[in-house]
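The next block holds one structure in the form of structure tokens; read it before the comments.
The values are calculated or read from the model by the stated rules, or taken from the named source; none is laboratory data. Owing to the predicted nature of the structure, the values given are computational and were not obtained by experimental measurement. Virtual Cβ from ideal backbone geometry, glycine too; neighbours counted across all protein chains shown.
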Amino acid sequence: MKETIISVLRKGKEYAATNILFITFIITSLINAMLVRHFTVNNFLAIKPLIADLVVILIIGSFAYFFKPKYRFWYFLGAATLLSAICMINAIYFKNYLSFASVSFLKTASQLSGYTDAVVENILELRDFIYLWQFFGLIFIHIQLRKKGYYEKVQQVEFPKIRFLNTIVITLILLGLFISMLTSTDISRLRKQWNREYVVIEFGIYVYQFNDLVTYVQAELNSMFGYDEAAKNFREFYQDTPEEPTTTNQYTNLFKGKNVLVIHAESIQNFLISDDLLGGAPASFNGIEVTPNLNRLAHEGIYFSNFYSQESVGTSSDTEFTFNTSLLPSSSGTVFINYFDRDYVTTPKLLKELGYYTFSMHANKGSAWNRSVVHPSLGYDHFYHYTTDYTMDEKIGLGLSDKSFFRQSTQIIKGISEEHENWYGVLIMLTNHTPFSDINRYGEENDWVYDVDYKYEKENEETGEIEEVSAPYLEGKKLGNYIKSAHYADEAIGELMEELEAEGLLDNTVIVIYGDHDNKLPKSEYNRYYNYDPETDKIKKCDEEACITMDDYAYELNRSVPFIIWSKDIVGTDYSQEITKVMGMIDAQPTLGNMLGFYNKYALGHDIFSIDENVVVFPSSNWLTNTLYYNTAKEAHKQIDLNKEITKEEIDKYSAYAEQLISISNAIITYDLIKKVGENPENELLEETGVGATA
């Protein structure tokens, strides 16, 4: 026994001495994987993902044995560069989207060209570069080994094929151990890849990323070969859906025949208008409301205070798509880049059937998010953008200021109203876009900038007099800059309403305002906002005194955005009210359709006034009702209504519904099913000939 132990130790020592670079690659890659999980899903020491990542690292590293020792450094350096990039990209991506990067994201990367400042200022942090230590660590080890003639010594004693096989054997043992730890839920979610956070929690970052690549390739192949099953599921899902609406309510046809002007309010969140964490009060600083104009419109109109955008990696473009189609964003890539050539049932198309002229307007270049191509396909008769239709007379942030954009747009709309009896238009705002850093220009016209400090009265210790002092509060903070920007955006909306009224454009018009998504700022910014102590200029500690805990659930629920429907005709009437029922962007089209007299059979959302209970399904497969918020990845929930009992049956029902909704929406988008099946319900030839398989 003693001799055996000595022999094993001797061989182990020899192996370690002649595999220094390989061992370094394994350890550094594993540490990086643990770090990215620590900064994202916070399971640094979890065994399952650690084993899974180790399996991937060993598989990649084992192929180094096919190279001569003196060339292996370059192989390991290339592999380390790839794995470090995976960690770094996903860590950065998670901060912005609370999800993990997909290979399909590469197709949308070109859209970041105009937003470099936003990425650098609001997303990148020093810790994001920590993963590069592996790259430099390998270089350092390589230099030291080369000085000692390491590679020549290895060449003399090594049998590469045996070491390769030994590494594979160890890998298979670890793989078998890992597989024995998997549940059916793990396997199902790995295959579907919808809930990326769950996959990283259970399988690690490397397995996630390589599985994402497989899923992406599979999706591309499925668009050619998976049509039959998708068409079958599509028919079954819609087989009982009526061709016309079957219910009516007090809002049915309320605005039929009226013009519609939609304001796509960039990054505007609900906490500015009505903050549940502060008892429903609007955000204000030193007695001045952040969004007084939106507050007034919400009070006078129909205000949906529990409204969520349901966007994914396409952010604003996802919201435009979902608002117009009542479909969820694509789980792979973005519709505006990857699936813009499908035939969708959209609000502009449905209103055109009712005789409306439809148009969209944006203060950015027409190529941003491929809008110059996508908007005509969505049914807009004309897309006005600053490249061809606006004078760049006032630049703030990423482009033409919202105030100038609205002033110029009002005159264009006036001309449209003179030529068309009914019209439907969308104004896409821009100034309140991250990085919210052009704060010195927000108040140019008023000679002042909205202050986000904390002013209070304090006794002067020397004179004994009461004087007003200022504590920094949010000055110089990202959230403070966002609030200054949001205040400017609100001023622009107020001026737009005045200009429309002056031109007589509000008399027969419905104004629809929605926030496209949240501001993408981290939880730490909100901790300061809610728990600031002006006396110490620090954040209160929740374990010492009363404060608002900004945990993951509070943060998620706080990401709600406003949805407001306003018209002169309903101000001061019973129609004007706050709707607290939870609602998603996919519910906007059916709700507006009920009011305006159009109907989309393929809508996945609901007219909010025709249902008793609603569920908001997010692209991550998390879901929300008025009772609870459910995190699918963690299989945990936050109870909102403490008076209602939560049952496992209810959670299972809504979880199954969420998966079904995501699946059907993805199938419609990927296979163009509305056109190929919905408009051809009896045409089986599409499946038999493979016509439906073309992307």
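Here are some notes:
- Condition met for residue 552 (at pLDDT 95 or above and closer than 25 Å to residue 632 by Cα): no
- Whichever residue in region 644-667 is in contact with a helix residue (DSSP H, G or I) (Cβ under 8 Å, 6 or more places away or on another chain) and of a type outside the set (Ser, Thr, Tyr) and, among such residues, is farthest from residue 614 (Cα to Cα): 667
Residues are listed down the side, and each one gets a yes or a no for (1) closer than 27 Å to residue 519 by Cα; (2) free of Cβ contacts under 8 Å to residues at least 24 places away in the same chain:
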| site | (1), (2) |
| --- | --- |
| 534 | yes, no |
| 562 | yes, no |
| 573 | no, yes |
| 578 | yes, no |
| 586 | yes, no |
| 598 | no, no |
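- In region 178-190, the residues that are farther than 19 Å from residue 215 by Cα and in contact (Cβ under 8 Å) with a residue 24 or more places away in the chain form Cβ pairs under 6 Å with partners that are assigned to a helix (DSSP H, G or I) and of a type in the set (Gly, Ala, Ser), at six or more places apart or across chains, as follows: 178/52.
- Scanning region 21-47 for residues that are in contact with a Phe, Trp or Tyr (Cβ under 7 Å, 6 or more places away or on another chain) and farther than 18 Å from residue 90 by Cα yields a total of 2.
- Residues located in region 394-443, provided they are aromatic (Phe, Trp, Tyr), in contact (Cβ under 8 Å) with a residue 60 or more places away in the chain and over 26 Å from residue 348 (Cβ atoms): 436
- Enumeration of residues in region 37-84 that are in a loop (DSSP other than H, G, I, E, B) and charged (D, E, K, R): 68
- Unique residue being touching a Gly at 6+ places or on another chain (Cβ under 7 Å) and surrounded by 20 or more Cβ atoms within 10 Å (Cβ to Cβ) when the list is 383, 406: 383
This table checks each residue for (1) of a type outside the set (Val, Ile, Thr); (2) surrounded by fewer than 20 Cβ atoms within 10 Å (Cβ to Cβ); (3) out of contact with any Gly (no Cβ under 9 Å at 6 or more places or on another chain); (4) free of Cβ contacts under 8 Å to residues at least 40 places away in the same chain.
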position: 461; (1), (2), (3), (4): yes, yes, yes, yes
position: 474; (1), (2), (3), (4): yes, no, no, no
position: 480; (1), (2), (3), (4): yes, no, yes, yes
position: 526; (1), (2), (3), (4): yes, yes, yes, no
position: 548; (1), (2), (3), (4): no, yes, yes, no
position: 553; (1), (2), (3), (4): yes, yes, yes, no
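- Candidates 537, 533: the one that is farther than 21 Å from residue 591 by Cβ and surrounded by fewer than 14 Cβ atoms within 10 Å (Cβ to Cβ) is 537.
- Of the residues examined, residue 247 is one that is modelled with pLDDT under 95 and among the polar types (S, T, N, Q).
- Residue check: residue 498 meets all listed conditions (1) buried (at least 21 other Cβ atoms within 10 Å of the Cβ); (2) without any contact (Cβ under 8 Å) to a residue 40 or more places away in the chain but one, namely (1).
- Test: residue in region 459-470 that is on the phi > 0 side of the Ramachandran plot and not small (Gly, Ala, Ser): no
- Subset of region 551-562 that is part of a loop (DSSP other than H, G, I, E, B) and out of contact with any helix residue (DSSP H, G or I) (no Cβ under 7 Å at 6 or more places or on another chain) - its residue that is nearest to residue 268 (Cα to Cα): 559
- The number of residues in region 636-668 being in contact (Cβ under 8 Å) with a residue 60 or more places away in the chain and closer than 26 Å to residue 237 by Cβ comes to 10.
- Failed condition for residue 391, given (1) free of Cβ contacts under 8 Å to residues at least 24 places away in the same chain; (2) polar (S, T, N, Q); (3) closer than 19 Å to residue 598 by Cα: (3)
- Condition check for residue 267: buried (at least 24 other Cβ atoms within 10 Å of the Cβ) and either within 30 Å of residue 680 (Cβ to Cβ) or not assigned by TED's automatic domain parsing to the domain that holds residue 566 (or both): no
- When residues in region 493-550 are screened for being in a loop (DSSP other than H, G, I, E, B) and in contact with a helix residue (DSSP H, G or I) (Cβ under 8 Å, 6 or more places away or on another chain), 13 of them pass.
- Inside region 342-362, residues that are in contact with an Asp or Glu (Cβ under 7 Å, 6 or more places away or on another chain), crowded, with 16+ Cβ neighbours inside 10 Å and not in a strand (DSSP E or B) make up a count of 1.
Here is a yes/no grid of residues against (1) within 19 Å of the chain's Cα centre (by Cα); (2) within 15 Å of residue 283 (Cα to Cα); (3) not β-branched (Val, Ile, Thr):
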| position | (1), (2), (3) |
| --- | --- |
| 477 | no, no, yes |
| 506 | no, no, yes |
| 514 | yes, no, yes |
| 535 | no, no, yes |
| 546 | no, no, yes |
| 556 | yes, no, yes |
| 562 | yes, yes, yes |
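- When region 411-439 is filtered for residues that are part of a loop (DSSP other than H, G, I, E, B) and either at pLDDT below 95 or buried (at least 16 other Cβ atoms within 10 Å of the Cβ) (or both), the ones remaining, listed by number, are 420, 422, 429, 430, 431, 432, 433, 434, 435, 436, 437, 438.
- Failed item in (1) surrounded by 14 or more Cβ atoms within 10 Å (Cβ to Cβ); (2) at pLDDT 85 or above, with residue 18 passing the rest: (2)
- Filtered residue count, region 300-341, keeping only those that are in a loop (DSSP other than H, G, I, E, B), farther than 28 Å from residue 243 by Cβ and of a type in the set (Asp, Glu): 1
- Of everything listed in (1) buried (at least 18 other Cβ atoms within 10 Å of the Cβ); (2) under 24 Å from residue 245 (Cβ atoms), the single unmet condition for residue 660 is (1).
- Of the criteria (1) in a helix (DSSP H, G or I); (2) surrounded by fewer than 19 Cβ atoms within 10 Å (Cβ to Cβ); (3) under 30 Å from the mean Cα position of the chain (by Cα), which one residue 569 fails: (3)
- Contacts under 7 angstrom Cβ, first residue in region 365-383 being farther than 19 Å from residue 351 by Cβ, partner among the small types (Gly, Ala, Ser) and part of a helix (DSSP H, G or I), 6 or more apart: 366/372; 368/114; 369/316; 369/317
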